[in-house]
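Notes for the one structure printed next.
The values are calculated or read from the model by the stated rules, or taken from the named source; none is laboratory data. Quick caveat: nothing in here was measured; it's all calculated off a predicted structure. As a convention, Cβ positions derive from the backbone with ideal geometry for all residues, glycine included, and neighbour counts pool all protein chains shown.
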Amino acid sequence: MKYRRPVFAALFCALPFAVQAQSTQDASGLMIELNAVETVEGACRLTFLVENETETAIDTADYQVVIFDASGVFERLTLFAFRDLPAQRPRVRQFDVRGLSCENLGRVLINGLSGCTVEGAESDICDETPTLNSRTEVELLG
């Protein structure tokens, strides 16, 4: 009986390390964050922070994107080429959507993957739905 308390204390102290190791293992795939929107000369500039949490550098990652206005009405369908995404390193990518006022931007939908290449060949590494987040009032969906 007197040995249970030290064993329990040792397990309890090790718990934060196990949780941290598990959360690090769970971090994989792509994370796309809509970080900022700003009006620039007749366009709405969307700034994304993209993190490639895989172990593989991606040559290109192209996504079909749907833009909705503030009332939820379809505005346009476009392609965003996120270009090269090194493994385990964040990248910032900006896209200017011409003829769109940022004040009228409501939602951005990552509709699907259009293409993904690794070492010059098509790859399925981008097939998993990316983790999405928005730091703006504009909703980012996938």
Quiz item: Residues in the stretch 53-69: is at least one loosely packed, with under 15 Cβ neighbours inside 10 Å and in a strand (DSSP E or B)?
Solution: no
Quiz prompt | Scope the stretch 36-52; condition surrounded by 18 or more Cβ atoms within 10 Å (Cβ to Cβ) and either polar (S, T, N, Q) or closer than 14 Å to Thr117 by Cα (or both); matching residues | solution = Asn52
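Would you call Thr136 in a loop (DSSP other than H, G, I, E, B), of a type in the set (Ser, Thr, Tyr) and at pLDDT 95 or above? Give the steps one after another, and end with the answer.
Working: in a loop (DSSP other than H, G, I, E, B): yes; of a type in the set (Ser, Thr, Tyr): yes; at pLDDT 95 or above: yes.
Criteria met by Thr136.
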Quiz prompt | Criterion violated by Val97 - all others in (1) at pLDDT 95 or above; (2) in a loop (DSSP other than H, G, I, E, B); (3) β-branched (Val, Ile, Thr) satisfied | solution = (2)
Practice problem: Would you point out which residue out of Leu100, Leu113, Leu132, Leu105 is of a type outside the set (Phe, Trp, Tyr), in contact with a Cys (Cβ under 7 Å, 6 or more places away or on another chain) and closer than 13 Å to Leu30 by Cβ? | Solution: Leu113
Self-check item: Matching residues, the stretch 119-142, being more than 30 Å from Cys44 (Cβ to Cβ) and of a type in the set (Ser, Thr, Tyr)
Solution: Ser123
Practice problem: Can you work out which of the residues in the stretch 103-118 that are buried (at least 16 other Cβ atoms within 10 Å of the Cβ) and of a type outside the set (Val, Ile, Thr) is farthest from the chain's Cα centre (by Cα)? | Solution: Leu105
Quiz item: What is the one condition in (1) buried (at least 16 other Cβ atoms within 10 Å of the Cβ); (2) touching a Gly at 6+ places or on another chain (Cβ under 6 Å); (3) more than 17 Å from Ile32 (Cα to Cα) that Leu100 does not satisfy?
Solution: (2)
